[in-house]
Amino acid sequence: MQIPDPVLVSAIVRRAVSECIANFQTPSSLSTSREAEELFHSPAAHALKEEIILTGKKLWDRQYVDGNGGNMSVRFAEEYVICTPTLCSKRDMRVEDLSLVDLENQKICGGSRPTSEILLHLEIYKAVPAAKAVVHCHPPYATAYAIAGIVPPGNLIPEQEVFVGPVALAPYETPGTMAFAKTVLPFVQDHNTILLANHGIVCWGDTITHAEWYVEVVDTYCKTLMIARQLGSPIHEIPADKIADLLAIKKKLGLPDPRLAAGETVKSNSTRPVAAQGVQTEQLVAALTSQVMLFLENKG
C-alpha cells in the first residue's frame, strides 16, 4: 500500500477536527498577533499554503492569469487571511512568498508584500461569513463578457446553474482601491462569482480549490455559449421545472443563489472553518496526524 503524503493526511485530519469544532462551539479569535504567527507556521497552515500554490499553478496552466496577474486568499481563523504576494507570477509562487494579514489589512507576518488587491478579498470576508477563500483572476471568455458589459444568460448548462448560477456584473473602479473593493458588495451575498467590468472575475468558496472550480465553470460556460451562438441555431434553455430540480441540488450543497428564498442560501458549507481555531487545536491536529501516519506505515 502506498503511504499518503503527510501534508494530505494533515489536511484531512484538520478538516475533521474543524467540523467537530463547528458542531460544538463558536470559533474564537486569536488573542494576539504572536499567537497568530505561531498558527501561521503550523502544519495546518502549511497544508493551506500548499493548496494555494497548487491553485496558482492551475490558474496559470489554464491561462486564467498572465504576468503577475491574479490573486488568492484563504480566511484563517476568525480575523486573519493568508494571501498571495504582489508582483509575482502564480506559476512561480512559493510557500514562503505567502503572508498573513488581518481584516483591517495589517500585515502580521510572512514573506513578500501582500497583493495590492487584498482589499477586495477583505470586503468579501467581512460581508459573507461563509466565504473562506477568494480567487480573483482574468479568464479570457468570462473577462470578454466583463469587457462587453454583458451578463451571460442562464438556464443553459446544469453545471453552471448548480455551482455558479446567475452571474453579477460589478461596475469598473481602479484596481487596488477601496472603491474597487466595494463594487462587489451589492452582489456578493447572492453570488459566488462576479464579473468585474473591464477587469476579470472574482469567486469565493468554502475552500480555495472550490473557488477555483467556479472560475473554471464560468469561463467554460462563457466559451461554450460563444461557440453555440456561432452555429446559427436558436439556443434552447433548460425547462423551468428542471431548473427547479437543479436549485434543489444547489440548496443541499449550501451554495448561494438569488433565486433561492432568503435565509436558505449558504448553510452547509459555512459551518466548516478553513483553519482550526487556536494553537491547542493545531497541536491536536499534529498529534492525530502522527498517529494516522504511524498506523498507515504499519499497515503498509
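The values are calculated or read from the model by the stated rules, or taken from the named source; none is laboratory data. Computed from a predicted structure; not experimentally measured. Cβ coordinates were reconstructed from backbone atoms using ideal geometry, including for glycine residues, and neighbour counts include every protein chain displayed. Note: areas computed on protein heavy atoms with side chains; ligands, DNA, RNA excluded. Shrake-Rupley method; radii C 1.70, N 1.55, O 1.52, S 1.80 Å.
A few comments on the model shown:
- Of all residues in region 151-181 being in contact with an Asp or Glu (Cβ under 6 Å, 6 or more places away or on another chain) and not in a loop (DSSP other than H, G, I, E, B), the one that is farthest from LYS250 (Cα to Cα): ALA179
- Entry remark, region 192-202: residues being of a type in the set (S, T, N, Q) and open to solvent by 10 Å² or more (accessible area, probe 1.4 Å) number 1 in total.
- If you go through region 234-257 and keep only what is small (Gly, Ala, Ser) and over 29 Å from the mean Cα position of the chain (by Cα), you end up with just ALA240.
- For region 87-99, filtering for residues that are more than 11 Å from ILE53 (Cα to Cα) and open to solvent by 30 Å² or more (accessible area, probe 1.4 Å) leaves 1.
- Listing of helices (runs of 4 or more DSSP H) fully contained in region 203-299 that carry 3 or more residues being of a type in the set (A, V, I, L, M), surrounded by 15 or more Cβ atoms within 10 Å (Cβ to Cβ) and modelled with pLDDT under 95: 279-299
- GLN106 being within 18 Å of HIS199 (Cβ to Cβ) and open to solvent by 10 Å² or more (accessible area, probe 1.4 Å): no
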